[in-house]
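Data first, discussion second: the structure below is written as C-alpha cells.
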Amino acid sequence: MTNDTTLLHDLARLTIRRTSVSDMENNVYLLTSKETGAQVLIDAADDAPAIRSMLAASAGDSARPVRLALIATTHQHWDHIRALREVAEETGAPLAAGSEDADAVEAGAGVRVDVRLDHGNVGNFDGFDLTAVHLRGHTPGSLAYVYRDPEGPTHIFSGDSLFPGGVGNTWKDPQRFSSLLRDVSERLFGVYADDTLVHPGHGGGTTLGAERPRLGEWEARGW
C-alpha cells in the first residue's frame, strides 16, 4: 500500500484519499477498489495539479492498474467545480451530478454531465457501490454519496450539506433550511448508524453519532 499523506482510510476493500485545495479548503476525495482498481473522484474542486498528484499516489492502492471510472460532483457551486473541466479532459472519465444541479454544473464548468442522479440511485463500480442521497436546501440538486463498507462503518461524502456542528449554508432562508434539515435528518440520521463517518466538502470530518444529539439545537437556532 502506498504511504502518502493523502491516504485518509485504508479499508478492507477500498482506499479513501483526500486532498485539500484552494483557500477555501475544499476537499477532493478519491475512492479506489483494492481488488479491481476502479476509482471514483468526488468534487474536482480546484487545483488540477494537486488532483493529478493524488491520482498518481493512488497507483499502489490496488493490485490491478487503477482507472478513473467516474468524477462525481456533490453540487453546483463554483468552488466545487473549478478543476472539473481540466480533470475530465485529462482523464476522459464520465461526469455525474444531481439532476437539479446538472445544468448549472455544465454551464459553470463548461462540461457535459453524463449521468444525472436522483435520490437513491446506486452507482455500481467494479468492486464497490455508491448511493446518491438527495439533500435539498444548500442547492436544489445537492447530493451526498454513501459507501456502505461491508466490513466496517459507512462513509458519507456530504458535500456542503452536513458539517461538524450543523447543516450547510441556506442563506437565512427558512424554507431552504427546513428542507435541508429535514432531508439530513430523514435521509442520513434516520438511515445510518452512529458510527457512520461523515466526510464534508470543507474541513475535517465527524460521525453521525457525534452530531445526532445536536439536531434539536440546530432546528432551534435556524441554521
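The values are calculated or read from the model by the stated rules, or taken from the named source; none is laboratory data. Computed from a predicted structure; not experimentally measured. Backbone-built Cβ (ideal geometry, glycine too); neighbour counts: all protein chains shown. Accessible surface areas use protein heavy atoms only, side chains included; no ligands, DNA or RNA. Shrake-Rupley method; radii C 1.70, N 1.55, O 1.52, S 1.80 Å.
To keep it simple, each residue is scored yes or no on (1) within 17 Å of Tyr145 (Cβ to Cβ); (2) out of contact with any helix residue (DSSP H, G or I) (no Cβ under 7 Å at 6 or more places or on another chain).
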residue: Ser22; (1), (2): no, no
residue: Thr32; (1), (2): yes, no
residue: Thr36; (1), (2): no, yes
residue: Asp47; (1), (2): no, yes
residue: Val66; (1), (2): no, no
residue: Ile71; (1), (2): yes, no
residue: Asp79; (1), (2): no, yes
residue: Ala96; (1), (2): yes, yes
* Asked: Here are some conditions: (1) surrounded by 19 or more Cβ atoms within 10 Å (Cβ to Cβ); (2) in a strand (DSSP E or B). Asp129 meets all but one. Which one does it not meet?
  -> (1)
* To do: Can you give me the number of residues within region 42-70 that are open to solvent by less than 10 Å² (accessible area, probe 1.4 Å) and in contact with a Pro (Cβ under 8 Å, 6 or more places away or on another chain)?
  => 0
* To do: Could you tell me whether any residue of region 85-94 is open to solvent by 10 Å² or more (accessible area, probe 1.4 Å), farther than 28 Å from Asn169 by Cα and among the hydroxyl-bearing types (Ser, Thr, Tyr)?
  => yes
* Provide a single number: the residues in region 1-42 that are at positive phi and small (Gly, Ala, Ser). => 2
* Could you list all residues from region 132-156 that are of a type in the set (Asp, Glu) and open to solvent by 40 Å² or more (accessible area, probe 1.4 Å)? => Glu151
* Looking at region 157-170, is at least one residue aliphatic (A, V, I, L, M), surrounded by 16 or more Cβ atoms within 10 Å (Cβ to Cβ) and under 24 Å from Arg13 (Cβ atoms)? -> no
* Asked: Quick one: in region 14-41, which of the residues that are of a type in the set (A, V, I, L, M) and either open to solvent by 10 Å² or more (accessible area, probe 1.4 Å) or closer than 16 Å to Leu84 by Cα (or both) is farthest from the chain's Cα centre (by Cα)?
  -> Met24
* Please work out if Thr73 is open to solvent by less than 70 Å² (accessible area, probe 1.4 Å) and of a type in the set (Ser, Thr, Tyr). => yes
* Val115 surrounded by 22 or more Cβ atoms within 10 Å (Cβ to Cβ) and modelled with pLDDT of 95 or more -> no
* To do: Determine whether region 212-221 contains at least one residue that is within 30 Å of Leu7 (Cα to Cα) and open to solvent by less than 50 Å² (accessible area, probe 1.4 Å).
  => no
